Amino acid sequence: EAVLHDVRETIAGLVNENFFGTLKRLSREAGVVFSAESTAPVFVADGLRHHGVVDLPMGEFWLRSPTHDKPNDMLDAISGAHIYGKNIVQAEAFTEVRMAWDEHPGNIKALGDRNLAMGINRFVFHVFTHNPWTDRAPGMTLDGVGLYFQRDQTWWEPGRAWVDYVSRCSALLQRGTPKADIAVFTGEELPSRALLPDRLVTVLPGLIGGERVRDHAARQRNEGQPMHEMPRGVYSSANMEDPADWVDPLSGYAYDSLNPDALLRLATVEHGKVTLPGGAAYGLLVVPGPRRMSPEGNAFSAPVIHKLYELIDAGATVLFEETPQFRGPGRPDEKTAARLEQLRGTRPVGEIGSGRILRGPWKQDTLESVGLAPAVRFRDAAGDPAGDLAWAQRSLEHGSLFFLSNQSDQARDLVISFDTPGLSPQVCDPVSGARGHVPPWREIDGRTEVQLRMAPTQSLFLVFHPAAYPAAEGTPLPDPDMLLPLRDAWMVSFDPQWGGPAVPVAFEELSDWSLHENPGIRHYSGTAGYETAFEFNRALVTRGARYFLDLGEVHSIAEVTLNGQPCGVAWTSPRRVEITGALRIGTNSLKIRVTNTWANRLIGDHELPEAERLTWTTAPFRLLEGSDLLPSGLLGPVMLMELPPTP
């Protein structure tokens, strides 16, 4: 075993030096930066170590493709970037094994936000495929693999609003340094990867919570071996661990994985925290015990034993899930044996300087007894713990920044407690770019308590800084009030190139294209223009108020123009754009360009002779075989809304 381990370490070292090291040198010579994803799922290497060599660590996450998703790659890149001091963490984003032609910014937002909250701060979109034809659409794909993110996508032009959103999120999440209170040692066995949250159930059950621990145990039993189909035609275990089930896995604490290389070469102790040169500082170092893929997880070499001893001696707090053992070959020397005995606690812990040794499993629901308060805690309006909230924290020079994502498709009224004493909060909305709103907040028991209302899948930034904003009462990010429903008929213009009627069609009331009696509308894919007019009377004006157009239900994305002035794109909840600067007294001319996905036209074309089809693509039709038509168009209700003046 010792020889085999030495062979594995040699392979890992050679790959790191001769492969990644060589590419780094060649990149420097060429004057370019170097990015790389993982070595491989089971390659004989340390999945974090090479991220110390690359300039831009990178993971990947997949859309609705559980058999191909790469949560380990994500955590390797994120933890690798944090422990080696790399600020930008990229991700191959939204790859999917079989696209359904129903993808649009609104229905992939929550997935992207969850991965932003995990720690990435730059998307590398998968995939823009070269389409050599100007007269064939949708055109070229990767055989249906990957998000169709290219010029012949129906929502390519209005989708710029989503790209703006991603850009804002990325810019803010590249500010300051990431903050996590817990480091988890990956052990010395190879292959080695960052530890996924479900691997921490046995060592940190109190933080993970009883319900999630029970769910994990049920999945592990895999009774009946249930299967599921996702995406269509791809079957896998229904009990596979799903990253969506591990939002906020440690109940308000963030963690990074820490590999032997960074532990031995880089880790020191400052102010009682295990600190790395890039700025990461951990108040608790967790050393898990054996795992299924790491049966000797509690056995350590002499260098690791000495390093753990020295960190504790300097003031670190270390939690051992199980009693540490010596990893051969042979017997430990006298100094190593003596320090191992002290780590085991067979001698008084006080003999190891100013640090602390804790014994797992940790069953308390916080780490406050060892001086670590949760960074964030979520409660609903009734005071009960609120799940499905993803978050990330960045430390700023004079404050702190939190990214919050409602992963639920339900609106949420929340009371959120932050470990930010002495700082005042402001809200930044990355969808609209609006910033500066001060939500209701107060200081209580040394924490900042904030009230927020979040729409389905909404995300927000909270920036805490020393500005002396007084504690505020009132309504959290108030919703506008309904002022005027727009009930007049609409004239809707479709593009005949994609089967739509040649002349505008009157819609007496808003309805779903896919239910229309005209097959050209029923199977229409692309953009249709809605036009109407409405009266706005001076009696409705409130001085200093802001005005919005709420579009209600939209499939899938809508761009609003009022009186010839562009007012924005509605692509996610709430489907609302501000029209204050364009609204005028009297008659207002309203145009809304609504775009759906390619699905309905492709389904319709499949029923036609090949010579009559309007679409052409390399994606096989099995991706849509048997699919129902998707809801499409503007369903409303469309309402003029008013937000009264606020401080």
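Please go through the stretch 551-574 and give me each residue that is free of Cβ contacts under 8 Å to residues at least 40 places away in the same chain, part of a strand (DSSP E or B) and either open to solvent by 30 Å² or more (accessible area, probe 1.4 Å) or within 18 Å of S511 (Cβ to Cβ) (or both), ordered by number. Quick ask: steps written out before the conclusion?
Step one: filter the stretch 551-574 for residues free of Cβ contacts under 8 Å to residues at least 40 places away in the same chain, giving 560-567, 570.
After this cut, where a residue has to be part of a strand (DSSP E or B) as well, the list is 560-562, 565-567, 570.
Scanning the stretch 551-574 gives T561, Q565, P566.
Out of (1) under 23 Å from K109 (Cα atoms); (2) without any contact (Cβ under 8 Å) to a residue 40 or more places away in the chain; (3) of a type in the set (V, I, T), the odd one out for V463 is which?
(2)
Looking only at the stretch 584-600, filter to residues that are surrounded by 14 or more Cβ atoms within 10 Å (Cβ to Cβ) and among the charged types (D, E, K, R); which one of those is farthest from R622 (Cα to Cα)?
K591
Regarding the stretch 151-158, can at least one residue be identified that is within 14 Å of the chain's Cα centre (by Cα) and either assigned to a loop (DSSP other than H, G, I, E, B) or more than 25 Å from D245 (Cβ to Cβ) (or both)?
From the stretch 151-158, those within 14 Å of the chain's Cα centre (by Cα) are none; that's our starting set.
Looking for residues that are within 14 Å of the chain's Cα centre (by Cα) and either assigned to a loop (DSSP other than H, G, I, E, B) or more than 25 Å from D245 (Cβ to Cβ) (or both), one finds none in the stretch 151-158, hence no.
Looking at the structure I just gave you, is A528 over 31 Å from the mean Cα position of the chain (by Cα) and farther than 16 Å from T595 by Cα? If you could, list the steps in order and put the result at the bottom.
Numbers: over 31 Å from the mean Cα position of the chain (by Cα): yes; farther than 16 Å from T595 by Cα: no.
No, not satisfied.
Helices (runs of 4 or more DSSP H) wholly in the stretch 1-85 with at least 2 residues that are of a type outside the set (F, W, Y) and buried (at least 22 other Cβ atoms within 10 Å of the Cβ) - which ones? Steps first, please.
Values: elements: 2-14, 21-30, 71-83.
Fully inside the stretch 1-85 and qualifying: 71-83.
Could you say whether any residue in the stretch 121-141 is open to solvent by 30 Å² or more (accessible area, probe 1.4 Å), more than 30 Å from P260 (Cα to Cα), among the aliphatic types (A, V, I, L, M) and without any contact (Cβ under 8 Å) to a residue 24 or more places away in the chain?
No, that holds for no residue.
So if I check each of L258, L276, which one is over 26 Å from G206 (Cα atoms) and open to solvent by less than 20 Å² (accessible area, probe 1.4 Å)? Give the derivation first.
On the way: L258 fails: over 26 Å from G206 (Cα atoms).
On inspection, the qualifying residue turns out to be L276.
Of the residues L147, L111, L116, only one is aliphatic (A, V, I, L, M), touching a helix residue (DSSP H, G or I) at 6+ places or on another chain (Cβ under 6 Å) and either open to solvent by less than 40 Å² (accessible area, probe 1.4 Å) or farther than 18 Å from F403 by Cβ (or both); which? Quick ask: steps written out before the conclusion?
Working: L147 fails: touching a helix residue (DSSP H, G or I) at 6+ places or on another chain (Cβ under 6 Å); L111 fails: touching a helix residue (DSSP H, G or I) at 6+ places or on another chain (Cβ under 6 Å).
Selected residue: L116, the only one of L147, L111, L116 that is aliphatic (A, V, I, L, M), touching a helix residue (DSSP H, G or I) at 6+ places or on another chain (Cβ under 6 Å) and either open to solvent by less than 40 Å² (accessible area, probe 1.4 Å) or farther than 18 Å from F403 by Cβ (or both).
Among the strands (runs of 3 or more DSSP E) lying completely within the stretch 432-525, list those that include at least 3 residues that are over 22 Å from D605 (Cα atoms), in contact with a strand residue (DSSP E or B) (Cβ under 7 Å, 6 or more places away or on another chain) and open to solvent by 30 Å² or more (accessible area, probe 1.4 Å).
Once the strands (runs of 3 or more DSSP E) in the stretch 432-525 are filtered for at least 3 residues that are over 22 Å from D605 (Cα atoms), in contact with a strand residue (DSSP E or B) (Cβ under 7 Å, 6 or more places away or on another chain) and open to solvent by 30 Å² or more (accessible area, probe 1.4 Å), what remains is 435-437, 447-454, 481-485.
Any residue in the stretch 401-416 that is open to solvent by 20 Å² or more (accessible area, probe 1.4 Å), basic (K, R), touching a residue at least 12 places away in the same chain (Cβ under 8 Å) and not in a loop (DSSP other than H, G, I, E, B)?
Yes, the stretch 401-416 contains at least one residue that is open to solvent by 20 Å² or more (accessible area, probe 1.4 Å), basic (K, R), touching a residue at least 12 places away in the same chain (Cβ under 8 Å) and not in a loop (DSSP other than H, G, I, E, B).
Taking interchain pairs and intrachain pairs at least six residues apart, which have beta carbon atoms under 7 angstrom, with the first residue in the stretch 360-383 and farther than 19 Å from S395 by Cα and open to solvent by less than 50 Å² (accessible area, probe 1.4 Å) and the second among the aliphatic types (A, V, I, L, M) and in a helix (DSSP H, G or I)?
Qualifying pairs under 7 Å: W362/L207.
Report whether or not L264 is in a helix (DSSP H, G or I), closer than 28 Å to T420 by Cβ and under 34 Å from the mean Cα position of the chain (by Cα).
Working: in a helix (DSSP H, G or I): yes; closer than 28 Å to T420 by Cβ: no; under 34 Å from the mean Cα position of the chain (by Cα): yes.
No: the conditions fail for L264.
Determine, yes or no, whether A183 is modelled with pLDDT of 95 or more, over 20 Å from the mean Cα position of the chain (by Cα) and of a type outside the set (F, W, Y). Don't jump to the end; show me each part of the working.
Working: modelled with pLDDT of 95 or more: yes; over 20 Å from the mean Cα position of the chain (by Cα): yes; of a type outside the set (F, W, Y): yes.
Judged against the criteria, A183 is a match.
Looking only at residues in the stretch 601-623 that are out of contact with any strand residue (DSSP E or B) (no Cβ under 9 Å at 6 or more places or on another chain), more than 14 Å from D143 (Cβ to Cβ) and not in a helix (DSSP H, G or I), which one is most open to solvent (accessible area, probe 1.4 Å)?
Selected residue: E607.
Step by step: first the residues of the stretch 279-320, then only those that are open to solvent by 20 Å² or more (accessible area, probe 1.4 Å) and either aliphatic (A, V, I, L, M) or part of a strand (DSSP E or B) (or both), then the one that is modelled with the lowest pLDDT. Which residue is that? Please lay out each step first, then the result.
First pass over the stretch 279-320, keeping only residues open to solvent by 20 Å² or more (accessible area, probe 1.4 Å): 279, 281, 290-293, 295-296, 298, 301-303, 306-307, 309-310, 313-314.
In the following step, the residues that additionally are either aliphatic (A, V, I, L, M) or part of a strand (DSSP E or B) (or both) were identified as 281, 291, 293, 302, 314.
Working: A281: 98, R291: 85, M293: 77, A302: 96, A314: 96.
So, considering only residues that are open to solvent by 20 Å² or more (accessible area, probe 1.4 Å) and either aliphatic (A, V, I, L, M) or part of a strand (DSSP E or B) (or both), the one modelled with the lowest pLDDT is M293.
The values are calculated or read from the model by the stated rules, or taken from the named source; none is laboratory data. Keep in mind the model is a prediction, meaning the values are calculated, not measured. We place every Cβ from the backbone using ideal geometry, glycine too, and count neighbours over all the protein chains shown. Accessible surface is based on the protein model in full, side chains and every heavy atom, while ligands, DNA and RNA are left aside. Shrake-Rupley method; radii C 1.70, N 1.55, O 1.52, S 1.80 Å.
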